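Everything on this sheet refers to the single structure shown next.
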C-alpha cells in the first residue's frame, strides 16, 4: 500500500464542529509540507463558524471579519463541509471510524456554569449565553423569551460575555439596527423598558477580565451613562502592592478608566450602566409568580493566595438590588459528545495535549483528537485557538508518522457522501452556505443592514433548495 | 486566564510518590515519564512535599548513597501550591520571582494536577499570539 498522506492515499480527517478551532486545525493540516490531507467538516447546524456567528457581539463586526480566513480555507478542493449533520444523531463515532484515519472534535464550550445560589432558577434568571445566542439568531434559541419589560437587570460576571450583554442591553434600537443582530431581537429590544443595568464583578477593578477597548467602548454608547462607585474602584492595599511591584500599563489604564467612571455626572441619557466590583450574589428573591424581583449581594474583600492570586472573600456587609432580570456569566463548560470520553471536572473532552484519552487505560485513543474550548476550556480570544489547534495537529502528524491512525475500510470520498445522504439527505455543503451567506447579505442590504440572518433551520434549508 | 485551562489538557495522570518510598523509585518515575518533579502525597492524598530532579542532583553531588534515601529525606516540604482558579499571570510572576518550576494544584485539599513553568509560559505565549493574530485579521 502506498504511504498514507500522499496523492494516491490521502490522509482522511473528520472535523466535528466548524468554529475557529476547527478551521485553525484545517489550516494547520493544509499547511503541512508533503502531506495530502482531505478534510470533511461536520456541524450540527447548517451554518459554519460556531461562536463567530452565534457568540461574537453583533456590534463588533471587525471581530467577525476573521471568517474571511476560514472561507479561504474552505475553498481548498480537499475540503468539504457537511452542515446540518449531527454527531450521535446522523453519524456516530463508530461510523466515522469507517471513513477516516483521524477524527478531531472541536465543538466548543456551550453550557454555562451555575452560580449555585438559592433562587437561581426563578423566572427572569438566565444564562447569559442563552441571551447571546438569542440575539445572534441561533436557531435553538430564537424562540426563547426574555422579559424586557423590567426596569433593572443584573449581569453577573465581568468577562467579555457579561460586558457584551450589559452593552447590548444599554444600546439604542438605532445602534442595534446597524448590526447583524437577529431582527426579532432588535424588535424585542426596541420595546425594552430597561433603565438600569448592573454588571457585577466579585473582585476589584485591577482583576477584571474585560479588556481596555471594551471598557472604553462603554463610554461611547449613544444613550447610556456608565458609572462605577468610588469606594469600589479605589484599589485595596493588596492590589496596590501588586501593581507597584510589577507595573502593568494595561491594567493601570483599565483602573484609571474605571475610576474615571466614578466621577461621571449623569448626562441625562436614558439608561444607566453601573459596573460594580467586590460584590457576589448570594440569593435571588422571587415574587408570588416565581419571578426574580431582588438580588441579595455580599461585599467582598480581597485575600492573597499562596501563589499571589488575589481572590474574593465575603465580608458581613450585604446589600439588596431590586432587579427583575438576572444574567449569569460566571464561566462555561463543554458538553459531552456521544461515545467520546469526557473530563467532568474541567468540562472538556478528556485529553492530553489534544490526544483524546481513554479513561480506563489512561492511554490515547488512536486517531481521536480535540482542539479549542472543548479541549482546554473557554479561555483567550478567537486567535488563541490557533496555536492550540496547531499543537493538536502536530500531535496528529506525529502519530501519523508512527503509523498510529485509524484503519478506515472505505476511503473514497464518494462513499462517505453516500452514507451522509442515506442518514441526513438534507445536509448543507459549503457552496450551499455561500449561497445562504449571499442571501443574508442581500436581504440585509435592502434594509441598510450588514446582514439579515436566517434564524430558522427550515428556512435555511428551503433557501438553498433542500 | 486561569490555571484550570492548563490542567484541562493534561489528561488525568498526576504522578505522585509517597514520602516513605525510595529516591531510587523516584528516579525511575522521573526517567520513565520524562518529567522534572514528583508531588509527594501522604496516604490521604494530601500534598506533603515536592521532589525535583534538582533536589536529587544536589544531594548526589556529595552523597553516593542518595538512591537508598527515603523521598521524605530529600523532598522540599514547604511546598507552594496553587488552585485551579489562580490567575495565570500572577502564577507566572510568582514562579519566576521565587525560582520554582513546578506548582502542584490543589482543590479542596486534594491534589488535582501540577503545572510547570514551561506550561505557564506556553499558555501566556499562546495568549499573546492569539491576540496578535486577532489584530492582524482585523487590519488586513
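Computed values, structure above
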{"quantity": "Extreme residue, surrounded by the most Cβ atoms within 10 Å (Cβ to Cβ), among residues of region A:421-430 that are part of a helix (DSSP H, G or I) and over 25 Å from the mean Cα position of the chain (by Cα)", "calculated": "A:423"}
{"quantity": "Selection count, region A:354-383, where residues are in contact with a strand residue (DSSP E or B) (Cβ under 8 Å, 6 or more places away or on another chain) and either within 7 Å of chain B (Cβ to nearest Cβ) or not in a helix (DSSP H, G or I) (or both)", "calculated": "18"}
{"quantity": "Residue that is farther than 25 Å from residue A:371 by Cα, assigned to a helix (DSSP H, G or I), more than 10 Å from chain A (Cβ to nearest Cβ) and at pLDDT below 95, where the choices are B:54, B:93, B:72", "calculated": "B:54"}
{"quantity": "Sole residue being in contact (Cβ under 8 Å) with a residue 12 or more places away in the chain, within 13 Å of the chain's Cα centre (by Cα) and outside any loop (DSSP other than H, G, I, E, B), chosen from B:39, B:80, B:48", "calculated": "B:39"}
{"quantity": "Residue satisfying condition, being free of Cβ contacts under 8 Å to residues at least 60 places away in the same chain and in a helix (DSSP H, G or I), within set A:214, A:222", "calculated": "A:214"}
{"quantity": "Count - residues of region A:309-331 that are farther than 24 Å from residue A:127 by Cα and either buried (at least 19 other Cβ atoms within 10 Å of the Cβ) or in contact with a helix residue (DSSP H, G or I) (Cβ under 8 Å, 6 or more places away or on another chain) (or both)", "calculated": "2"}
{"quantity": "Failed item, numbered, when residue A:335 is tested on (1) surrounded by fewer than 17 Cβ atoms within 10 Å (Cβ to Cβ); (2) farther than 18 Å from residue A:156 by Cα; (3) more than 14 Å from every other protein chain (Cβ to nearest Cβ); (4) at pLDDT 95 or above", "calculated": "(4)"}
{"quantity": "Hits in region B:41-66 - residues which are more than 19 Å from residue B:108 (Cβ to Cβ) and surrounded by 15 or more Cβ atoms within 10 Å (Cβ to Cβ)", "calculated": "B:49, B:50, B:51, B:52, B:53, B:55, B:56, B:59, B:60, B:66"}
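Each row is one residue, and each column tells you yes or no for (1) surrounded by 14 or more Cβ atoms within 10 Å (Cβ to Cβ); (2) assigned to a helix (DSSP H, G or I).
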{"site": "A:393", "(1), (2)": "yes, yes"}
{"site": "A:414", "(1), (2)": "no, yes"}
{"site": "A:419", "(1), (2)": "yes, yes"}
{"site": "A:434", "(1), (2)": "yes, yes"}
{"site": "A:451", "(1), (2)": "yes, no"}
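The values are calculated or read from the model by the stated rules, or taken from the named source; none is laboratory data. Quick caveat: nothing in here was measured; it's all calculated off a predicted structure. Note that each Cβ is placed from the backbone with ideal geometry, even for glycine, and that neighbours are counted across all protein chains shown.
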